[in-house]
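Student: There's a structure below that I have some questions on.
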Amino acid sequence: MILVAILIAVWESYVRLADVSPRVLPAPSRVVVQGWANREVIAGHAASTLQVTLLGFALALAVSWIIATCVDFSPWLRRAVVPLLVISQTLPIVALAPLMIIWFGFGILPKLLVVALVTFFPMTVGLVEGFASADRDSDRLLRSMGASRRQQFRYVRLPSAIPRFFTSLRIGITYAVVGAVFAEYVGASSGLGIYMSQQKNAFRTDLVLAAVVVTALCSVVLFLSTYLVQRIVAPWAAEDER
């Protein structure tokens with residue numbers, strides 16, 4: 001925080017002393033003032049972005065659990081699916097996002113798909129590796145007691161995957177906000193991405209930066225909320241991370 005405060009102070013001083021045009025580089029004070037003056041408009045666009053982020057992330061979350069669970073129950077499927085997951089991350093979202101708009105229009109669906117594509121990989125890999133990291137002695141013990149494969153999954157493999165899952169969840173949720181903003185930037189009627197595009201075209205750099213700050217705050221809040229969810233869903237895992 002001290003470093004951030006120093007950087008902001010240097011930025012403010014440089015803009016004032018060098019008399020830089022606000023269209024090129026507005027002072028932090030101007031960004032705050034103009035952002036606050038337009039807070040209702042920015043808040044409306046932020047709500048739209050959060051809706052896309054959470055819905056797209058929920059879709060990615062569901063797909064991740066389905067894929068990871070199927071892979072854990074079928075070793076041959078793991079060899080077939082994991083390489084495809086890696087390949088999916090080599091596809092440039094910059095190129096896919098406009099195609100989503102062309103294929104599915106300007107509704108919410110293409111933006112959800114972009115967010116899901118950006119976020120499902122880290123969560124899927126985290127779950128797959130978490131299931132694989134289960135204690136083998138515990139697995140053997142349950143098998144010796146006649147436990148079914150589902151019971152082994154429920155009592156051993158699933159709890160083992162929770163810590164890694166929440167780690168990948170935090171990575172995914174930060175990607176989700178960026179993915180939503182980028183999808184809106186390509187084509188949308190509302191959201192922080194389209195708002196930034198509009199203000200950029202109007203040479204309102206101060207409002208662009210204000211939207212960037214709001215985007216960063218949304219990412220931080222969602223990131224921190226994963227710790228709260230972890231304490232509620234798996235408090236034992238939260239204690240282990242300390």
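Student: Out of all the residues in the stretch 174-206, which are in a helix (DSSP H, G or I) and open to solvent by 70 Å² or more (accessible area, probe 1.4 Å)?
Tutor: 175, 178, 185, 198, 200, 201
Student: Determine which single condition residue 171 fails, assuming it passes every other condition in (1) open to solvent by 40 Å² or more (accessible area, probe 1.4 Å); (2) under 14 Å from the mean Cα position of the chain (by Cα); (3) over 25 Å from residue 228 (Cα atoms).
Tutor: (3)
Student: Also, I was wondering about something else. What's the total number of residues in the stretch 58-76 that are within 11 Å of the chain's Cα centre (by Cα), surrounded by fewer than 17 Cβ atoms within 10 Å (Cβ to Cβ) and in contact (Cβ under 8 Å) with a residue 24 or more places away in the chain?
Tutor: Counting residues in the stretch 58-76 that are within 11 Å of the chain's Cα centre (by Cα), surrounded by fewer than 17 Cβ atoms within 10 Å (Cβ to Cβ) and in contact (Cβ under 8 Å) with a residue 24 or more places away in the chain gives 0.
Student: Which residue pairs have Cβ atoms closer than 6 Å, lie 6 or more positions apart in sequence or on different chains, and pair a first residue in the stretch 141-160 that is without any contact (Cβ under 8 Å) to a residue 60 or more places away in the chain and at positive phi with a second residue that is part of a helix (DSSP H, G or I) and of a type in the set (Gly, Ala, Ser)?
Tutor: none
Student: What are the pairs, 6+ residues apart or on separate chains, where a residue within the stretch 106-119 that is under 12 Å from residue 191 (Cβ atoms) has its Cβ under 9 Å from a residue that is of a type in the set (Ser, Thr, Tyr) and surrounded by 24 or more Cβ atoms within 10 Å (Cβ to Cβ)?
Tutor: 115/53
Student: Here is a further query. Hey, among 7, 55, 17, which residue is assigned to a helix (DSSP H, G or I), open to solvent by 60 Å² or more (accessible area, probe 1.4 Å), at pLDDT 85 or above and touching a helix residue (DSSP H, G or I) at 6+ places or on another chain (Cβ under 6 Å)?
Tutor: Selected residue: 55, the only one of 7, 55, 17 that is assigned to a helix (DSSP H, G or I), open to solvent by 60 Å² or more (accessible area, probe 1.4 Å), at pLDDT 85 or above and touching a helix residue (DSSP H, G or I) at 6+ places or on another chain (Cβ under 6 Å).
Student: Could you please tell me which pairs satisfy a Cβ distance under 7 Å, a separation of 6+ or placement on different chains, a first residue in the stretch 33-50 that is within 23 Å of residue 176 (Cβ to Cβ), and a second residue that is open to solvent by less than 60 Å² (accessible area, probe 1.4 Å) and among the acidic types (Asp, Glu)?
Tutor: Correct list of pairs: 49/184.
Student: Can you find even one residue in the stretch 85-107 that is hydroxyl-bearing (Ser, Thr, Tyr) and within 30 Å of residue 148 (Cβ to Cβ)?
Tutor: Checked against the condition, which is being hydroxyl-bearing (Ser, Thr, Tyr) and within 30 Å of residue 148 (Cβ to Cβ), the stretch 85-107 yields no hits at all.
Student: Which residues, counting only those in the stretch 72-120, are in contact with a helix residue (DSSP H, G or I) (Cβ under 9 Å, 6 or more places away or on another chain), of a type in the set (Phe, Trp, Tyr) and over 22 Å from residue 153 (Cβ atoms)?
Tutor: Within the stretch 72-120, 103, 104 meet the criteria.
Student: Across the stretch 20-36, what is the number of residues that are open to solvent by 80 Å² or more (accessible area, probe 1.4 Å) and either at positive phi or among the hydrophobic types (A, V, I, L, M, F, W, C) (or both)?
Tutor: Total satisfying the criteria: 4.
Student: Being at pLDDT 80 or above, open to solvent by 20 Å² or more (accessible area, probe 1.4 Å) and under 18 Å from residue 127 (Cβ atoms) narrows it down to one of 154, 231, 164, 150, so name that one.
Tutor: Within the list 154, 231, 164, 150, the selection yields 164.
The values are calculated or read from the model by the stated rules, or taken from the named source; none is laboratory data. Bear in mind the structure is a predicted one, so any value in this text is a computation, not a measurement. So basically every Cβ, Gly included, is an ideal-geometry build from the backbone, and we count neighbours across all protein chains shown. These area figures cover heavy atoms from the full protein model, side chains too; ligands, DNA and RNA do not enter into them. Shrake-Rupley method; radii C 1.70, N 1.55, O 1.52, S 1.80 Å.
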